[in-house]
Amino acid sequence: MKTIYTIISLFAVSVSLHAQQITVGEVARQAKWTKLIDEVNNGKQKIKYSDIEGIPYYNRTFLPARVGDTSASVPIRYNSFLDTVEILVNTDVFEIPREESYPKFIFENSGEKLVLVNTHDENAGYFFELSGGKNRLLKKVITKFHDAVPAPNSMIPGTPARFELLKPAYFIKTETGLIRIPKNTKDLIPNFPEREAELSNFIKMNKIKLTSEPDLIKLNNFLNN
């Protein structure tokens, strides 16, 4: 097995991260080598991703992204099934450790920002930040694995193992905690007791729908004003 240190020379560009000078090679050097990155263990056997319908990734392709506040980019993809970020080095795939050293990745083509947020609950991990500020609008993308179901009889076919991309969950990260966006605006307003009246009026006047990303961005921008 290759030593992970051999990939440092592949990224010799010096960049700045949180006011410190590092090399992008540090990202790869700290990455975790894994040969099991394309398998699911269902408790009975290991199933290759290629044998499962669907994909476990937000995007199958490795795309260039800036790491933290650096100006250089590395090819990464987000595994929304494992909630991990993978980096491609030649033909090798590494998993970037979930650490505060690398709190965000900004995809260069789309501008999407993937951020690491410790919510101190089961939601802790990576989110897409749709709107920043004092209050941050976050989107959680989750891919679920469904095991294969054998055919009950010769008349009814079974179903293969598959990955299912669930509907995203939206949150507002405030200075005091994490608020999951409910379906009904009436359930959201009490989370902001100091601004209930004006928030209610804003939602009514702007016909805000909590199922619409553009509307949620408008709502978060209003909360930050």
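The values are calculated or read from the model by the stated rules, or taken from the named source; none is laboratory data. Worth saying up front: this structure is predicted, and the values here are computed from it rather than measured. Cβ coordinates were reconstructed from backbone atoms using ideal geometry, including for glycine residues, and neighbour counts include every protein chain displayed. The protein model used for the area step is the full one, side chains on, heavy atoms only, and it has no ligands, DNA or RNA in it. Shrake-Rupley method; radii C 1.70, N 1.55, O 1.52, S 1.80 Å.
Here the spin labels are modelled as points 7 Å beyond Cα on the Cα-Cβ line, and at Thr61 and Asp187 they lie 3.8 nm apart.
For segment 116-188, trypsin sites (Lys or Arg not before Pro) meeting the loop criterion (DSSP other than H, G, I, E, B) and having at most 15 other Cβ atoms within 10 Å: Lys134, Lys183.
Under 1.5 on a/c is rounded, so check that first for segment 81-225, then, if it is not, pick prolate when a/b is larger than b/c and oblate when it is not; a ≥ b ≥ c are the square roots of the alpha carbon gyration tensor eigenvalues. Note, shape of segment 81-225 comes out oblate. Residues of segment 63-96 with an amide N closer than 18 Å to a point placed 7 Å from the Cα of Ser50 along the Cα-to-Cβ direction: 91-94.
Per-residue counts of other Cβ atoms within 10 Å, averaged by peptide: what ranking do you get for 78-86, 52-60, highest first?
On the way: 78-86: 20.4, 52-60: 16.9.
Packing order, densest peptide first, comes out as 78-86, 52-60.
Once the Cα-Cα distance is subtracted from the 0.36 nm per residue extended length, the Ser154 to Asn90 segment shows a gain of 18.4 nm. For Glu112, the amide hydrogen comes within under 5 Å of the amide hydrogens of Phe107, counting only partners 5 or more places away or on other chains and with H modelled in the peptide plane.
Leu138 sits among other residues whose Cβ lies under 9 Å from its own Cβ, and their net charge, with Lys and Arg +1 and Asp and Glu -1, is +3.
If you count only protein heavy atoms with a 1.4 Å probe, what accessible area per residue comes out for segment 167-225, rounded to a whole Å²? List each step's numbers first, then the result.
Values: 3870 Å² over 59 residues.
Roughly 66 Å² per residue, with all protein chains present.
With both labels modelled 7 Å from their Cα along Cα-to-Cβ, the Asp121 to Lys104 distance reads 2.3 nm.
Looking at the square roots a ≥ b ≥ c of the eigenvalues of the Cα gyration tensor of segment 61-115, which shape do they give, rounded for a/c under 1.5, prolate if a/b is larger than b/c, or oblate? Here segment 61-115 falls in the rounded category.
Per-residue Karplus couplings for segment 65-73, computed as 6.51 cos²θ - 1.76 cosθ + 1.60 with θ equal to phi - 60°, are listed in order as 8, 7, 9, x, 9, 6, 9, 8, 10 Hz, Gly and Pro entered as x. Were the residues from Asn41 through Glu196 laid out at 0.36 nm apart, the gain over their Cα-Cα distance would be 51.1 nm. One decimal place: the segment Thr211-Thr174 gains 11.3 nm when fully extended, by the rule 0.36 nm per residue minus the C-alpha distance.
Please label the shape of segment 133-218 as rounded, prolate or oblate, based on the square roots a ≥ b ≥ c of the eigenvalues of the alpha-carbon gyration tensor (a/c under 1.5 means rounded; beyond that, a/b larger than b/c means prolate, else oblate). Write down the numbers at each step before the final one.
Working: a/c = 3.70, a/b = 2.76, b/c = 1.34.
Here segment 133-218 falls in the prolate category.
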